[in-house]
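These notes are about the structure you will find just below.
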Amino acid sequence: MGHTVLEMRSAPAIGLSRRRMAVLQIIALAGAMAWSTPQSGGAQMTQSPILTTTGAIQGLSHAEAAKALHVDVVVTVEYYEAKRLRLFVSDSTGGVYVALGSTDVLPIERGDLIEIEGVTDASFRTRVTGAKIRMLGRKGSLAQPREEGFRELMSGREDCRSVLIRGTVRSASPKPGSAKDMAQLMVQIPGGTVRVYVENARGMDLESLIDSEVQIGGVAGGSSTADSSFCKQCSTRRTGGS
């Protein structure tokens, strides 16, 4: 079979009307929108220096991150999932996971430029909690995805950022209980296996992907297992296979 191209794209479903979106955009240009999410874990802001980049946040030791240091960053939305309280954001220095405290849907989407105030929270990779989010504009600047190997993905340094991987699909199936018609792919790349989630996959011929060589662009994040990472917000290109 030739070099067949299969594109699978997904976007967070914000559920806003066209009029609502237009109003938000006008207000966003004035920098006047803000949302607060309940602060988890009882963390309180301190008088320590304010962290203004994601690189500074991720440069903290575990002990420093546990001190609930004040964060005020301008970042671009990489991935947003209200139901699971997930927000991945990035700037030119790196990416960070924002643990939201409410399932209320925020009128933000991939590529939006936002300001986040909150505090640090110690985890495998330092995250931000108690977030107050302010819209700055549509659209922000999304960096071009960089091709990463298994070791780089496992290090966590590329978490919450756009990445590119190349490998072979070893399994492809619907993800049980998914509210977004999500499919789960296990993709073998040099050094290990990566779990890939693809949203809005209803109607896709998943079996045809098995043993195909693919190029996948998505947003990286950590999983709870020791042998894989995952990508979300994926665009997948099949480059070979029968």
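Which of the residues spanning region 93-128 are among the aliphatic types (A, V, I, L, M) and not in a strand (DSSP E or B)?
Result: 100, 105, 106, 108, 122.
Condition first: part of a strand (DSSP E or B), closer than 18 Å to residue 64 by Cβ and outside the structural domain of residue 188 (by TED's automatic domain parsing). Can you find one or more residues in region 129-151 that meet it?
Scanning region 129-151, I find at least one residue that is part of a strand (DSSP E or B), closer than 18 Å to residue 64 by Cβ and outside the structural domain of residue 188 (by TED's automatic domain parsing), so the answer is yes.
List every residue pair whose Cβ atoms sit under 8 Å apart, with the two residues 6 or more apart in sequence or on different chains, where the first one lies in region 148-164 and is under 13 Å from residue 93 (Cα atoms) and surrounded by fewer than 17 Cβ atoms within 10 Å (Cβ to Cβ) and the second, anywhere, is of a type in the set (Gly, Ala, Ser) and modelled with pLDDT of 85 or more.
Short answer, once both residue conditions are applied: 157/94.
Among the listed residues 128, 169, which satisfies the condition of being at pLDDT 90 or above and within 20 Å of residue 58 (Cβ to Cβ)?
128
Which ones in region 138-147 are surrounded by 15 or more Cβ atoms within 10 Å (Cβ to Cβ) and either among the charged types (D, E, K, R) or more than 16 Å from the chain's Cα centre (by Cα) (or both)?
Matches in region 138-147: 138 only.
Hey, can you tell me all the residues within region 97-125 that are under 14 Å from residue 81 (Cα atoms), over 16 Å from the mean Cα position of the chain (by Cα) and either at pLDDT below 85 or hydroxyl-bearing (Ser, Thr, Tyr) (or both)?
Correct list: 102, 103, 104.
Tally up the residues in region 161-183 that are closer than 30 Å to residue 55 by Cα and within 16 Å of the chain's Cα centre (by Cα), please.
5
For region 188-242, list the strands (runs of 3 or more DSSP E) that sit wholly inside it and hold at least 2 residues that are at pLDDT 85 or above, buried (at least 17 other Cβ atoms within 10 Å of the Cβ) and under 21 Å from the mean Cα position of the chain (by Cα); which are they?
Here the list reads 192-198, 213-222.
Could you tell me whether region 37-51 includes any residue that is at pLDDT 95 or above and in a strand (DSSP E or B)?
The answer is yes, given that some residue of region 37-51 is at pLDDT 95 or above and in a strand (DSSP E or B).
Among the residues of region 68-86, how many are at pLDDT 90 or above and assigned to a strand (DSSP E or B)?
11
Output the number of the condition that residue 121 fails; it satisfies all remaining conditions of (1) acidic (Asp, Glu); (2) farther than 18 Å from residue 77 by Cβ; (3) surrounded by fewer than 17 Cβ atoms within 10 Å (Cβ to Cβ).
For residue 121, the exception is condition (3).
The values are calculated or read from the model by the stated rules, or taken from the named source; none is laboratory data. The structure presented is a predicted model; accordingly, all values stated were derived computationally and were not measured. Counting neighbours? That spans all protein chains shown, and the Cβs are built from the backbone with ideal geometry, glycine included.
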